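The values are calculated or read from the model by the stated rules, or taken from the named source; none is laboratory data. This is a predicted model, so every value here is computed, not measured. Methodologically, a virtual Cβ is constructed for each residue, glycine included, from the backbone with ideal geometry; neighbour enumeration extends over all protein chains shown. The area values use the complete protein model at the heavy-atom level, side chains included, leaving out ligands, DNA and RNA. Shrake-Rupley method; radii C 1.70, N 1.55, O 1.52, S 1.80 Å.
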Amino acid sequence: MTSIDLNADLGEGFGHWTLTDDERLLSVVTSANVACGFHAGDAPTMRRVCELAAARGVRIGAQVSYRDLAGFGRRAMDVPPAELTAEVAYQIGALEVFARAAGTRVAYVKPHGALYNRVVRDEEQARAVVDGVVLAGPALPVLGLPGSRLLELAAKAGLPAVEEAFADRAYTDEGTLVARGQEGALVTDPGAVLERSVDLARNGEVVALSGRRIEMRARSLCLHGDTPGAVDLARQVRDALEASGVRVEAFV
């Protein structure tokens, strides 16, 4: 039977400000990308999400980012490699404290926003992220875009490289994500999201923005938690996958 992991970005709040419905999303997803304080998240939020995830058997991932609270980690930044390596390890270590306190561990690492897109092609920044994961230890899996420099370098460093896809984001013909500022970058029709989810899981393909079908083989499917109706859509995606014969389970 075909299987796929469902991951979502969680803990994306700060102080009294909240963005994601963490508790309800954790009843749907199998992996939680938890913000580690650099683009969102704070100590109480990280602790709470780790406790909720552990109670539900959801795997905890460190969603590392450039230090950019004001821009939600989506602004382009130039960070020296040594500094980025240290900051990636720092974020993983901070989340690990709360994961251990909840009786579990950080199970994988996923870059966020601008950093995620940067390490698709930028070898220097990708190597810095991989070095940060290695520094944090042990050999944590790295989640990223298929064919990215990040996953290539992670595999060379002995880290499990895990490909992921997005059902609600548009792709270029080259298999990269269409920039958020471009028209059509976000797939907002629920029916289209469900169809794309099943297509990705069962066939390893997705329809690019141009209309061309491209290969997109992934072990994990990302569901964005910061979109309107995110919880209901996530539940519909899981139901559609299971109805089509796809087993939903964590990749790690």
> So which of Glu124, Glu87 ends up being under 17 Å from Ala35 (Cα atoms) and acidic (Asp, Glu)?
Replying inline: Glu87
> When the range 152-165 is examined, which residues are found to be within 18 Å of Ile4 (Cα to Cα) and either of a type in the set (S, T, N, Q) or open to solvent by less than 10 Å² (accessible area, probe 1.4 Å) (or both)?
Replying inline: Val162, Glu164, Ala165
> In the range 133-151, what residues are at pLDDT 95 or above, more than 13 Å from Gln63 (Cβ to Cβ) and open to solvent by less than 40 Å² (accessible area, probe 1.4 Å)?
Replying inline: Ala136, Pro141, Leu145, Pro146, Ser148, Leu150, Leu151
> If you go through the range 182-195 one residue at a time, how many are closer than 10 Å to Val237 by Cβ and in contact with an Asp or Glu (Cβ under 8 Å, 6 or more places away or on another chain)?
Replying inline: 1
>> Could you tell me how many of the residues in the range 237-252 are of a type in the set (A, V, I, L, M), open to solvent by 40 Å² or more (accessible area, probe 1.4 Å) and under 16 Å from Arg56 (Cβ atoms)?
In response: 1
> Listed residues Asp168, Asp173; which is on the phi < 0 side of the Ramachandran plot, open to solvent by 40 Å² or more (accessible area, probe 1.4 Å), in contact (Cβ under 8 Å) with a residue 12 or more places away in the chain and of a type outside the set (A, V, I, L, M)?
Replying inline: Asp173
> Name the residues in the range 40-70 that are in contact with an Asp or Glu (Cβ under 6 Å, 6 or more places away or on another chain) and either of a type in the set (Phe, Trp, Tyr) or assigned to a loop (DSSP other than H, G, I, E, B) (or both), would you?
Replying inline: Ala40
